[in-house]
1. Kindly indicate whether R39 is modelled with pLDDT under 80, out of contact with any Cys (no Cβ under 6 Å at 6 or more places or on another chain) and among the charged types (D, E, K, R).
2. Go through segment 48-62 and count every residue that is among the aliphatic types (A, V, I, L, M) and either part of a helix (DSSP H, G or I) or surrounded by fewer than 14 Cβ atoms within 10 Å (Cβ to Cβ) (or both).
3. Could you look through segment 17-32, keep only residues that are at pLDDT below 80 and not small (G, A, S), and pick out the one that is surrounded by the most Cβ atoms within 10 Å (Cβ to Cβ)?
4. Loosely packed, with under 10 Cβ neighbours inside 10 Å, modelled with pLDDT under 85 and assigned to a loop (DSSP other than H, G, I, E, B): is that true of R67 in this structure?
5. Looking for something at pLDDT 70 or above, of a type outside the set (A, V, I, L, M, F, W, C) and touching a Cys at 6+ places or on another chain (Cβ under 7 Å) - is there at least one such residue anywhere in segment 7-16?
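The values are calculated or read from the model by the stated rules, or taken from the named source; none is laboratory data. All values reported here derive from a predicted model rather than from experimental measurement. Positions of Cβ are generated from backbone atoms using ideal geometry, with glycine treated the same way; all protein chains shown enter the neighbour counts.
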Amino acid sequence: MATWSRDSHAPAWRRSSYSSVHGNCVEVVNRRPFEVVVRDSKQRACVVLRFTDREWTHLLVALVGPRN
């Protein structure tokens with residue numbers, strides 16, 4: 001299950017390719033082996049969501065469907 005954290009110090013954040021011109025988007029980083037961290041690009045110092053690789057994959061499939 002995804003967990004909440006206030007730790008936002010992580011290298012190499014990637015911004016969503018669906019980002020709007022007003023900066024309304026999320027940023028993602030692979031922080032440790034088998035961990036994906038997500039944050040709001042407008043609130044970088046706030047809470048982040050942490051997912052295992054498996055949870056992240058399930059979330060993406062639920063949002064966009066399986067890749068062929």
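1. On the way: modelled with pLDDT under 80: no; out of contact with any Cys (no Cβ under 6 Å at 6 or more places or on another chain): yes; among the charged types (D, E, K, R): yes.
When the stated conditions are applied, R39 does not pass them.
2. Start the filter on segment 48-62 by keeping residues that are among the aliphatic types (A, V, I, L, M), which leaves 48-49, 59-62.
Now restrict to residues that are either part of a helix (DSSP H, G or I) or surrounded by fewer than 14 Cβ atoms within 10 Å (Cβ to Cβ) (or both): 59-62.
Residues that pass the stated criteria total 4.
3. Within segment 17-32, the subset at pLDDT below 80 is 17-24, 31-32.
Add one more test, that the residue is not small (G, A, S), and what stays is 18, 21-22, 24, 31-32.
Working: Y18: 8, V21: 5, H22: 7, N24: 12, R31: 17, R32: 10.
So, considering only residues that are at pLDDT below 80 and not small (G, A, S), the one surrounded by the most Cβ atoms within 10 Å (Cβ to Cβ) is R31.
4. Numbers: loosely packed, with under 10 Cβ neighbours inside 10 Å: yes; modelled with pLDDT under 85: yes; assigned to a loop (DSSP other than H, G, I, E, B): yes.
Yes.
5. The initial filter retains those residues of segment 7-16 that are at pLDDT 70 or above, namely 12-16.
Within this subset, residues satisfying the condition of being of a type outside the set (A, V, I, L, M, F, W, C) are 14-16.
Going one step further and asking which of them are touching a Cys at 6+ places or on another chain (Cβ under 7 Å), we end up with 15-16.
So far as segment 7-16 goes, yes, one or more of its residues are at pLDDT 70 or above, of a type outside the set (A, V, I, L, M, F, W, C) and touching a Cys at 6+ places or on another chain (Cβ under 7 Å).
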